[in-house]
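Asker: One structure, as structure tokens, below. Some questions next.
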Amino acid sequence: MKILKVIICKAGKGVSAHLPELEGFVIARDSVEKLKRDLSAGVAFHIEGLYEEEHEPWMDDPFSFEFVFQDISTMIDGYGGLINQSSLARISGINESLMRQYVAGIKKPSRKVNERIEAGLKKYADELKGISFA
């Protein structure tokens, strides 16, 4: 199964996304949730409208998405209250004050810091998957 990267960016009061492997495709919505909801149909519609010479073999098979956020602020905004800069700082082991600077765009996190944040989020997600109630 082909995994398509979806690059999510801020766009006015909402978000937009493009897929590097699908030239000319852009989608914009009020929220990440709405964008994810409409993405599959939008991609299918785009592929359907391509000229035959633009059509690639992977387009006939099932595919899934990997969401890549342009920056920390877009990711936090995208999850509308489910995660905030304080919880992200705790999850990733980064000083809260420094995280606020990253979110505000005052400082830009290094690749190593971004990897640390990703690792923290993935570890937290794994912990959540292990929760059950009696």
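The values are calculated or read from the model by the stated rules, or taken from the named source; none is laboratory data. Being a predicted model, the structure only gives us computed values, none of them experimental. Note: ideal-geometry Cβ built from the backbone for every residue, glycine included; neighbour counts use all protein chains shown.
Asker: Ser132 passes all but one of (1) among the small types (Gly, Ala, Ser); (2) at pLDDT below 95; (3) surrounded by 14 or more Cβ atoms within 10 Å (Cβ to Cβ); which number fails?
Answerer: Every listed condition holds for Ser132 apart from (3).
Asker: Of all residues in segment 85-105, count the ones that are among the aliphatic types (A, V, I, L, M), over 20 Å from Ala125 (Cα atoms) and more than 20 Å from the chain's Cα centre (by Cα).
Answerer: 1
Asker: Given the criteria within 20 Å of Ile7 (Cα to Cα), part of a loop (DSSP other than H, G, I, E, B), outside the structural domain of Gly12 (by TED's automatic domain parsing) and not aliphatic (A, V, I, L, M), does Lys112 qualify?
Answerer: Answer is no for this residue.
Asker: Let me ask something additional. Scan Ser132, Ser73, Ser97 and give me the residue that is polar (S, T, N, Q) and closer than 24 Å to Val15 by Cα.
Answerer: That would be Ser73, the only listed residue that is polar (S, T, N, Q) and closer than 24 Å to Val15 by Cα.
Asker: So, in segment 91-109, how many residues would count as being assigned to a helix (DSSP H, G or I) and among the small types (Gly, Ala, Ser)?
Answerer: Qualifying residue count for the region: 3.
Asker: Considering (1) over 17 Å from Lys5 (Cα atoms); (2) touching a residue at least 40 places away in the same chain (Cβ under 8 Å), say which one Ile106 fails and leave the rest.
Answerer: Only one criterion is unmet by Ile106, namely (2).
Asker: Scan segment 6-29 residue by residue and report those that are closer than 20 Å to Glu56 by Cα and either under 13 Å from the mean Cα position of the chain (by Cα) or among the β-branched types (Val, Ile, Thr) (or both).
Answerer: Answer for segment 6-29, where residues must be closer than 20 Å to Glu56 by Cα and either under 13 Å from the mean Cα position of the chain (by Cα) or among the β-branched types (Val, Ile, Thr) (or both): Val6, His18, Leu19, Val26.
A quick yes/no check of all residues on (1) of a type in the set (A, V, I, L, M); (2) closer than 27 Å to Val43 by Cα:
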position	(1), (2)
Phe63	no, yes
Ser73	no, yes
Ser86	no, no
Asn95	no, no
Gly105	no, no
Leu121	yes, no
Gly130	no, no
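Asker: Counting only residues that are farther than 16 Å from Val6 by Cα and free of Cβ contacts under 8 Å to residues at least 40 places away in the same chain, how many does segment 46-63 have?
Answerer: Residues flagged as farther than 16 Å from Val6 by Cα and free of Cβ contacts under 8 Å to residues at least 40 places away in the same chain within segment 46-63 amount to 11.
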